[in-house]
């Protein structure tokens, strides 16, 4: 047996041993994952409250982002975010529990589901919704960027951090109008960004009222009026 085969055999044995000592469990139901399952068990993956939103001409996401002179070409969201649903924990753990790997894995799983329908066709660059510098420093990562990197791994489309955010108060528990007011002028495009006519996919973890997304889209459109803009979020709040 060659050195490479021996190394692979040892890695496989160590992986099997780790699985026995520290079994991987489903992020939703907590049950142990079986061979071939990753992050979510088959039952939970089947039960996921998918939105069915991908590249339809007009969706619930388009409605929330409706703004004169700011058309959204494509919109996609993987599942509905119900506050009391165990699936909401996927977003919360990826965002607040120091688990960037989970955010990236979920982004990758999401991408596999929408890629076959041609959602990524024509898109040139993936841009994550940014975090303010202090907030990113405290959290250690930007969950939207990790989701974007997961999408990139599947689609092959590069990720560019061309948006910046100034420090602002949280959007949590604000009304639709309050979210809109709070998000105005928060996001801007980096000064060294060269406006062009690329197709930009803006990525975030959850869309609620759409205020944050709309603020980012407005900044991108102002910097590059000829660019085509699309949106993808891991989840879509069912009610807000």
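See the values below:
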item: Relative contact order %, the stretch 49-237, counting alpha carbon pairs below 8 Å whose residues are six or more apart; result: 28
item: Label-point separation in nm, residue 112 to residue 222, each point 7 Å along Cα→Cβ; result: 4.0
item: Added length on full extension, which subtracts the Cα-Cα distance from 0.36 nm per residue, residue 164 to residue 32; result: 43.5 nm
item: Sorted peptide list for 76-82, 92-98, criterion being average Cβ within 10 angstrom, highest first; result: 76-82, 92-98
item: Sorted peptide list for 219-232, 61-74, 34-47, criterion being average Cβ within 10 angstrom, highest first; result: 219-232, 61-74, 34-47
item: Protection proxy ranking, peptides 23-32, 206-215, average beta carbon neighbours within 10 Å, highest first; result: 206-215, 23-32
item: Residue 47-residue 121 FRET efficiency (beta carbon distance; Förster radius 35 Å; 0.05 resolution); result: 0.75
item: Compactness of the stretch 49-237 - radius of gyration and Dmax, Cα, Å; result: 15.1, 43
item: Rounded Å value of the spacing that divides the Cα centres of the stretch 130-158 and the stretch 42-112; result: 15
item: For the stretch 39-136, convex hull of alpha carbons as volume per residue, Å³; result: 148
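FYI, it's all coordinate maths here, none of it is from the lab. Remember, predicted model here, so these are calculated numbers, not experimental data. Cβ sites come from the backbone with ideal geometry, for glycine too, and all protein chains shown count toward neighbours.
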